[in-house]
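One structure below.
The values are calculated or read from the model by the stated rules, or taken from the named source; none is laboratory data. It should be emphasised that the depicted structure is a prediction, and the values quoted were computed from it without experimental measurement. Counting neighbours? That spans all protein chains shown, and the Cβs are built from the backbone with ideal geometry, glycine included. Keep in mind that these areas ignore ligands, DNA and RNA; they rest on the heavy atoms of the full protein, side chains included. Shrake-Rupley method; radii C 1.70, N 1.55, O 1.52, S 1.80 Å.
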Amino acid sequence: DVGTITEPGAVSRLMDILLSQSSYQGSSSRSGKQALLIQYDNGIVLQLAVSGDSLMGSGTWANPAFFEAFAGAVQ
């Protein structure tokens with residue numbers, strides 16, 4: 001329950017950061033106590049586990065810039 005972002009411009013910026021700045025860390029996954037849910041217009045929801053500055057889904061991906069931008073967009 002960190003927050004929800006629905007403003008289209010903010011969502012677009014966050015997705016750009018997520019897709020362009022994520023760094024692949026390897027195929028192993030860590031356990032995350034939080035989840036990032038991305039819901040698309042067609043109703044499909046992508047769920048990624050979160051641990052620190054890393055996202056897990058089809059491997060582990062680091063992206064500190066995404067988490068900084070997300071925190072700024074939620075406030």
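Looking only at region 1-30, which residues are open to solvent by less than 80 Å² (accessible area, probe 1.4 Å) and part of a helix (DSSP H, G or I)?
Within region 1-30, Gly9, Ala10, Val11, Ser12, Leu14, Met15, Ile17, Leu18, Ser20 qualify.
Does any residue in region 19-36 that is on the phi > 0 side of the Ramachandran plot come within less than 8 Å, Cβ to Cβ, of a residue that is part of a strand (DSSP E or B) and modelled with pLDDT of 90 or more six or more places away or on a different chain, and which pairs are these?
That search, which allows pairs on different chains as well, returns Gly26/Thr60.
Could you count how many residues in region 47-62 are in contact (Cβ under 8 Å) with a residue 24 or more places away in the chain, open to solvent by less than 40 Å² (accessible area, probe 1.4 Å) and in a strand (DSSP E or B)? Working first, answer last.
Residues of region 47-62 in contact (Cβ under 8 Å) with a residue 24 or more places away in the chain: 54-56, 59-62.
From what is left, the residues that are open to solvent by less than 40 Å² (accessible area, probe 1.4 Å) are 54-56, 59-60, 62.
Adding the requirement that they be in a strand (DSSP E or B) leaves 54-56, 60, 62.
Residues that pass the stated criteria total 5.
Exactly one of these conditions fails for Ile44: (1) loosely packed, with under 12 Cβ neighbours inside 10 Å; (2) at pLDDT 95 or above. Give me its number.
That leaves (2) as the condition not met.
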